[in-house]
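One structure is given below, encoded as structure tokens.
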Amino acid sequence: MNKFRHSMSYDIVIVGGGIIGSAIAYFLSSNPDYSGSVAVIEKDSTYSYGSTARSLGSIRQQFSTPENIQISQYSFEFLVNAATTLQVHDTRPEINLIESSYLILATEDGLGQLKSAHKVQLDCRAPVEFLDKDTISRKFPWLNTDDIAAACQGAGNEGWFDPYSMLIALKNKSLSLGVRYIEDEAMAVQQQNKLVTGVRLASGTNIACGAIVNAAGAAAGGFAKLSQIPLPVSPRKRCVFSFTSAESIDDLPLVVDPAGFYVRPEGDSYLCGWTPSESDPDPDDFSLEVDYEIFDDILWPLMAHRIPRFEAIRLSRAWAGHYDYNSLDQNGIVGKHPDISNYFIATGFSGHGVQQAPAVGRAISELMIYGRLVTIDLTNLGYERVLSNSRYSEHNII
Ligand SMILES: Cc1cc2nc3c(=O)[nH]c(=O)nc-3n(C[C@H](O)[C@H](O)[C@H](O)COP(=O)(O)OP(=O)(O)OC[C@H]3O[C@@H](n4cnc5c(N)ncnc54)[C@H](O)[C@@H]3O)c2cc1C
């Protein structure tokens, strides 16, 4: 008896239907130069566990590599126009884009890095202002600047949006353009002569394909292993805490503190989180249990020091999610496998994948349709650097 219950065939199979996989599906299906079929394999159509719906949905121009800045510039414009671009019949998606800014603070130790990133940002024409200590104190009188040397603040194209709504908008538009979403788990990849020929699903279904995209988020490293492809991407747990404060701050941007925490407003409350330092990284962790001691022992004291108005705060809710953490250089891996020429990869965004989805989706679609990058040159983010173990580091990791 045939062990496969059904078999089907698609030109392109995307494994992972989060915001990255759905953006790729959208850019493939909306391109008039592409007429092939696309299937997205997603094991959880509720999106309860993936990174996208658990993210903060923030977007910034303040990166240290030109590629990430250009990605954000493209993506921000896409977000601004999303209601029109992703409209299906009479339904215009609402992604709740709030235009605000990031305020990235630096101590004397971090001043060199702040300045060199700012130079790259200006070279890329990103509207980012350098603020000296006096200016920070004048502009943000609620901030303790005792140990702060300088800061950078975005003067446009930064803010936050609802990542789940954006994902669903990309998915609905892709569905309307003929993409098939299949709720199942990809369990194995079939290959012949260094080419992917198909994917086997947990249900027993066997799908033949002309090309595959690994967009499995925090599970991408594990999924690549099934094909003996080394990919240094694994789940790193990050907790988000929502709190209210007795004293409010009306003009709070998204503050990034040199001690490793961030805080931003969300309606009448605030969201904050903490990132372990690169020199003392946390272990891989696929659990979703909130580590409340991070709030009590680390975040609260750090925030009360930096923003004394946050001394009297009340925790209202919290959740955990996973960074698709690239342990090589904490940067996205976007490209094609050099030896398996129909295996594409889009993962490893390490905390900035939601904002990068439009540009990354477009880039992968261009590689698949035209065989080259057209809109933004993302060669430096390609998979080859994994094989040669050469880092292309993003220093502004939050
Ligand atoms: C707390 C937190 C805050 C964040 N804040 C931000 C932010 O402010 N800005 C920002 O840009 N980014 C942020 N991020 C990062 C961002 O969430 C991720 O980089 C982004 O969501 C990655 O998208 P994805 O589609 O690759 O992953 P996911 O959304 O995880 O999608 C991958 C999908 O693949 C599916 N899948 C996995 N394996 C298989 C398989 N074998 N078969 C079928 N399906 C499979 C999963 O079910 C999942 O739905 C944050 C992340 C966290 C955890």
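The values are calculated or read from the model by the stated rules, or taken from the named source; none is laboratory data. The structure presented is a predicted model; accordingly, all values stated were derived computationally and were not measured. Every residue, glycine as well, gets a Cβ built from its backbone with ideal geometry; the counts of neighbours run over all protein chains shown. SASA here: full protein model, heavy atoms, side chains in, ligands and nucleic acids out. Shrake-Rupley method; radii C 1.70, N 1.55, O 1.52, S 1.80 Å.
Before we move on, is I182 open to solvent by less than 30 Å² (accessible area, probe 1.4 Å) and either at pLDDT below 95 or in the same structural domain as I136 (by TED's automatic domain parsing) (or both)? The answer is no for I182. Can you name every one of the strands (runs of 3 or more DSSP E) wholly within segment 239-342 that holds 1 or more residues which are surrounded by fewer than 21 Cβ atoms within 10 Å (Cβ to Cβ) and in contact with a strand residue (DSSP E or B) (Cβ under 8 Å, 6 or more places away or on another chain)? Once the strands (runs of 3 or more DSSP E) in segment 239-342 are filtered for at least 1 residues that are surrounded by fewer than 21 Cβ atoms within 10 Å (Cβ to Cβ) and in contact with a strand residue (DSSP E or B) (Cβ under 8 Å, 6 or more places away or on another chain), what remains is 261-266, 269-274, 313-326, 333-336.
Residue-wise test of (1) open to solvent by less than 20 Å² (accessible area, probe 1.4 Å); (2) closer than 20 Å to S58 by Cβ; (3) in a loop (DSSP other than H, G, I, E, B).
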| site | (1), (2), (3) |
| --- | --- |
| E99 | no, yes, no |
| L103 | yes, yes, no |
| D109 | no, no, no |
| G112 | no, no, no |
| A117 | yes, yes, no |
| L122 | no, no, no |
| E129 | no, yes, no |
| L143 | yes, yes, yes |
| I148 | yes, no, yes |
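Name the single residue that is most open to solvent (accessible area, probe 1.4 Å) among those in segment 83-97 being touching a helix residue (DSSP H, G or I) at 6+ places or on another chain (Cβ under 6 Å) and hydrophobic (A, V, I, L, M, F, W, C). Among residues in segment 83-97 that are touching a helix residue (DSSP H, G or I) at 6+ places or on another chain (Cβ under 6 Å) and hydrophobic (A, V, I, L, M, F, W, C), the one most open to solvent (accessible area, probe 1.4 Å) is L97. What number goes with the only condition from (1) among the hydrophobic types (A, V, I, L, M, F, W, C); (2) within 15 Å of the ligand (Cβ to nearest atom); (3) farther than 29 Å from C209 by Cβ that A83 does not pass? It fails just one condition, (2).
Restrict the check to segment 327-342 and report whether at least one residue is under 27 Å from A83 (Cα atoms) and either modelled with pLDDT of 95 or more or more than 15 Å from the chain's Cα centre (by Cα) (or both). Within segment 327-342, one or more residues are under 27 Å from A83 (Cα atoms) and either modelled with pLDDT of 95 or more or more than 15 Å from the chain's Cα centre (by Cα) (or both).
Put simply, of G50, G18 the only residue that is out of contact with any Leu (no Cβ under 7 Å at 6 or more places or on another chain), assigned by TED's automatic domain parsing to the domain that holds T205 and touching a residue at least 40 places away in the same chain (Cβ under 8 Å) is G50. Scanning segment 1-14 for residues that are surrounded by fewer than 24 Cβ atoms within 10 Å (Cβ to Cβ) and modelled with pLDDT of 95 or more, we see that the one that is farthest from I212 (Cα to Cα) is S9.
Quick check, is D44 surrounded by fewer than 24 Cβ atoms within 10 Å (Cβ to Cβ), closer than 24 Å to D162 by Cα and near the ligand (Cβ under 10 Å from one of its atoms)? Yes.
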